[in-house]
Amino acid sequence: MPAAQSHLIGPKTDYGDVRAEFHALVSGSGVYDLSSRAKISLTGGDRTRWLNGMVTNNIRDLEPGRGVYAFLLNPQGHILGDLYAYNRGESLLVDTDQSQVEKILAVFDKYIIMDDIEVANVSEQLSAVGIAGPQSWETLRAAGFEVPELKPLQFVEMRWQQTGVTVVRGDNPQVASFELWLAPGETGRVSEALMKAGAKPVGNAALGLLRIAAGIPTYGVDIRERDLPQETEQDRALNFSKGCYVGQEIVERIRSRGQVRRKFTGFEIDGQLPAAGSKIQVDGKDVGEITSAASVPVAYGERRVALGYIRREVATPAKQLNAGGSAATVANLPFVAMFK
């Protein structure tokens, strides 16, 4: 592949063929830009105790070289943001979307009182490239990255062509994925090496299709500040034995009472894709709303699917509904057939 192609990797919508890009992500390997992700470093003797008291997952027992997904809540239990937290030994690293970073930094600043902790936005010093697909591990090794077998959200520090790189295993259970954290000036060279090793450049449109097909909600679209943690069905973000944190009382109260009224789920769509915000109805009564929808390319054509929230009493798989004027059927997540 010509070296000029190294300039292709960036925050693009697509590279001219979204179907082929999605196919690379589910059957080969696709490389993509991750400059939309922000990195926040936490140092100081109180960093672990303090962050453990801020987020919904267990930071206290997080081993070096491992990460967790978590929510940041307000005292009423509503979700202010989502993030990944990684234990890098001498520091903790918080990874979140750039659209959330100002809010998260403001919340962090509010709750640091007499704690020995330093918070720094290091996004300008640490960028990232992503690679996903069933052949992504093989592609990494062909490009010269001697990556060992890693569990989800486990990472390893290494040298690649005199460049320091952190390789992180992603947590999408449907498709193997990795993030490569490195200095911003090295992302083009790494992207080029991965493309020469067989990865296809992939844009945000195909990544969005992969996210929806896997049933993974994104903050600001499928997860909003008005939502409660258990409504999102993201149990991976919650730990019920870690002790107190901001919003914990509400989360524990919901758990002790058994459930919330709404749940995040998937829908098969027959007809025109409903727009985000479209109401879901049964017998003319509102029972939920659509948050994301997509026409996903599969071997036999296109498959129209959506994500959203619905009242639990009607959230039975195969239940027939109406969503924005189109027929909708409740479906379990993920939409597994798309990965076959």
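Quick notes
- Accessible area per residue for region 263-317 is 46 Å², calculated with a 1.4 Å probe on protein heavy atoms, without ligands, DNA or RNA.
- Derived scalar couplings between HN and Hα for region 326-336 equal 10, 5, 9, 10, 4, 9, 5, 9, x, 7, 4 Hz in order, rounded to whole Hz, by the Karplus curve 6.51 cos²θ - 1.76 cosθ + 1.60 (θ = phi - 60°), x for Gly and Pro.
- Residue-by-residue Karplus 3J(HN,Hα) for region 157-162, coefficients 6.51, -1.76, 1.60, Hz, glycine and proline x: 8, 8, 10, 9, 6, 6
- Computed in the context of the full set of protein chains, the accessible area of region 1-86 at 1.4 Å probe radius has 51% of its extent on carbon or sulfur.
- A simple count of charges around VAL165, restricted to other residues whose Cβ falls under 13 Å of its Cβ and scoring Lys, Arg +1 and Asp, Glu -1, yields -2.
- Listed by chain and number, the aspartates and glutamates whose C-alpha is less than 13 Å from the C-alpha of LYS196, apart from same-chain residues fewer than 8 away, are GLU138.
- Considering only GLY16, GLY203, GLY144, the mean-square fluctuation computed in a Gaussian network model of the chain, springs between alpha carbons under 10 angstrom, is largest for GLY16.
- Segment SER36-VAL314, length gained on full extension (0.36 nm per residue, minus Cα span): 96.4 nm
- Positive end of the dipole of the chain (Cβ unit charges, origin at the Cα centre): among VAL221, SER36, VAL298, the Cα lying farthest that way belongs to VAL298.
- Environment charge at ILE79 (Cβ cut-off 12 Å; Lys +1, Arg +1, Asp -1, Glu -1): -2
- Cβ-derived FRET efficiency at R0 35 Å, ALA327 paired with ARG189, nearest 0.05: 0.10
- Length gained on full extension, GLN162 to MET114: 13.2 nm, using 0.36 nm per residue less the C-alpha separation.
- Of LYS103/LYS263; LYS103/LYS279; LYS263/LYS319; LYS12/LYS39; LYS12/LYS200, those spanning more than 23 Å from alpha-carbon to alpha-carbon: LYS103/LYS263; LYS103/LYS279
- SER27 accessible area, assembled protein chains, probe 1.4 Å, Å²: 50
- 5 angstrom amide H check on VAL296, placed H, neighbours 5+ away: ARG303, ARG304, VAL305
- Accessible surface of LEU207, taken over heavy atoms with a 1.4 Å probe and every protein chain present, rounds to 40 Å².
- Given the chain, longest segment not containing exposed loop chymotrypsin sites (Phe, Trp or Tyr not before Pro) (DSSP; at most 16 other Cβ within 10 Å): 1-239
The values are calculated or read from the model by the stated rules, or taken from the named source; none is laboratory data. All of these numbers come straight from a predicted model, not from anything done at the bench. When we count neighbours, we look across all protein chains shown, and the Cβ atoms used for this are built from the backbone with ideal geometry, even at glycine. Accessible surface is based on the protein model in full, side chains and every heavy atom, while ligands, DNA and RNA are left aside. Shrake-Rupley method; radii C 1.70, N 1.55, O 1.52, S 1.80 Å.
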